[in-house]
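Everything on this sheet refers to the single structure shown next.
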Amino acid sequence: MTIPARDPAREQAITFSCGGAALLGIVHPAPAAADTVSPAPASAGTGVLIVVGGPQYRTGSHRQFLLLARQLAADGIPVMRFDHRGIGDSEGDFRGFEALDEDIAAAIDAFQAHCPGLKRIVLWGLCDAASAILFYAHRDPRVSGVVLLNPWVRTPEGEARAVLRHYYLQRLVDGAFWRRLAAGRVNPWASAKSLLELLARRFRSPDAADTAADSAPLPAPLPDRMAAGLARYRGPVLLIMSGRDLTAREFEDAAAASDTWRRLLGEPRVRRCDLGDADHTFSRRAWRDTVAQWTVAWLRRQSGDGEAAPSE
């Protein structure tokens, strides 16, 4: 009797070491050829490593990663999820998404050790995990592709610009907002205070500490450092964007304001797909299924087996 392709019994928990800390991973192996409903593996010798950013609840976006992993595995794609240091069931101190290089490298080592046939790894990440992927991908020749969902490019000025443009301006033409205001269900003074704070952040002048001649040089803004990572990584990219997400809008604004980002996103190796009604974590089943289908189709396109590419 064969185990159904989506049966969790196929999954295996593994532990591996990173910087002296024990990390936990879950491997979702692809079913044997005789068991799978797919006509062929999506990309022979390729596995997907799901990278996680900050701490989340198991019932939140991490549940989405579990369901995604099971769906990809059922389509013939081995998948591994893992908790990096300081989150979930892994040991160590939480270091933030900008310091995940060692964790990702250790996870790839463990994934390949558990699935020896894997020669190529696709990194898949949402939000700040997508940003972490851009910092790492160019450093590891095993990374054959990256899937980035709503990348995190947050800066104080960028956040303020996005909120002003995509929240406050939309409220001005929102009839429901004016009806709530007229009914006393909106505090105009609190809204005005919040707006003034955002305007101050959007148009703030550099602090004296920022411009002092003897001060240490400040790191480049996050969007610039992410663009540098993407420029160094020359493999294929699938960019998936939500239509109803401020993080996605902030990324679009930052990219539109940068010659480097516009050039990179215009390269043939970058394919963008937009899911107009989706929220930040693609929380509905229909949205999650669409993301999985786009990922599978893109992987098959990379392997050259003739599968149609996801529609933009």
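The values are calculated or read from the model by the stated rules, or taken from the named source; none is laboratory data. Since the model is a prediction, treat every value here as computed from it, not as a measurement. Positions of Cβ are backbone-derived with ideal geometry, glycine not excepted, and every protein chain shown enters the neighbour counts. Note: accessible area is taken over every heavy atom of the protein model, side chains too, but ligands, DNA and RNA are not part of it. Shrake-Rupley method; radii C 1.70, N 1.55, O 1.52, S 1.80 Å.
Exactly one residue out of Ala162, Ala129 is open to solvent by less than 60 Å² (accessible area, probe 1.4 Å) and modelled with pLDDT of 55 or more: that is Ala129.
Candidates are the residues of region 133-156 that are at pLDDT 95 or above, touching an Asp or Glu at 6+ places or on another chain (Cβ under 7 Å) and within 30 Å of Arg244 (Cβ to Cβ); the one that is most open to solvent (accessible area, probe 1.4 Å) is Phe135. Scanning region 95-126 for residues that are small (Gly, Ala, Ser) and buried (at least 17 other Cβ atoms within 10 Å of the Cβ) gives Ala106, Ala107, Ala110, Gly125. For the subset of region 60-88 comprising residues that are part of a strand (DSSP E or B) and open to solvent by less than 10 Å² (accessible area, probe 1.4 Å), which member is farthest from Thr290 (Cα to Cα)? Looking at the filtered set, the residue picked out is Phe82. Quick one: would you say Gly92 is open to solvent by 10 Å² or more (accessible area, probe 1.4 Å), part of a loop (DSSP other than H, G, I, E, B), in contact (Cβ under 8 Å) with a residue 24 or more places away in the chain and under 21 Å from Pro29 (Cα atoms)? No, not satisfied. Checked across region 43-54, the condition of being closer than 24 Å to Ser131 by Cα, touching a helix residue (DSSP H, G or I) at 6+ places or on another chain (Cβ under 9 Å) and at pLDDT below 85 holds for at least one residue. Checked against (1) within 16 Å of Gln64 (Cβ to Cβ); (2) open to solvent by 30 Å² or more (accessible area, probe 1.4 Å); (3) in contact (Cβ under 8 Å) with a residue 40 or more places away in the chain, Arg272 passes all but condition (1). Being within 28 Å of Leu66 (Cβ to Cβ), of a type outside the set (Lys, Arg), modelled with pLDDT of 95 or more and open to solvent by less than 50 Å² (accessible area, probe 1.4 Å) is a description that does not apply to Leu264. Might you check whether a residue that is in a helix (DSSP H, G or I) and aromatic (Phe, Trp, Tyr) occurs anywhere in region 276-288? Taking every residue of region 276-288 in turn, at least one turns out to be in a helix (DSSP H, G or I) and aromatic (Phe, Trp, Tyr). Residues in region 236-268 that are in a loop (DSSP other than H, G, I, E, B) and touching a helix residue (DSSP H, G or I) at 6+ places or on another chain (Cβ under 7 Å): Pro236, Ser258.
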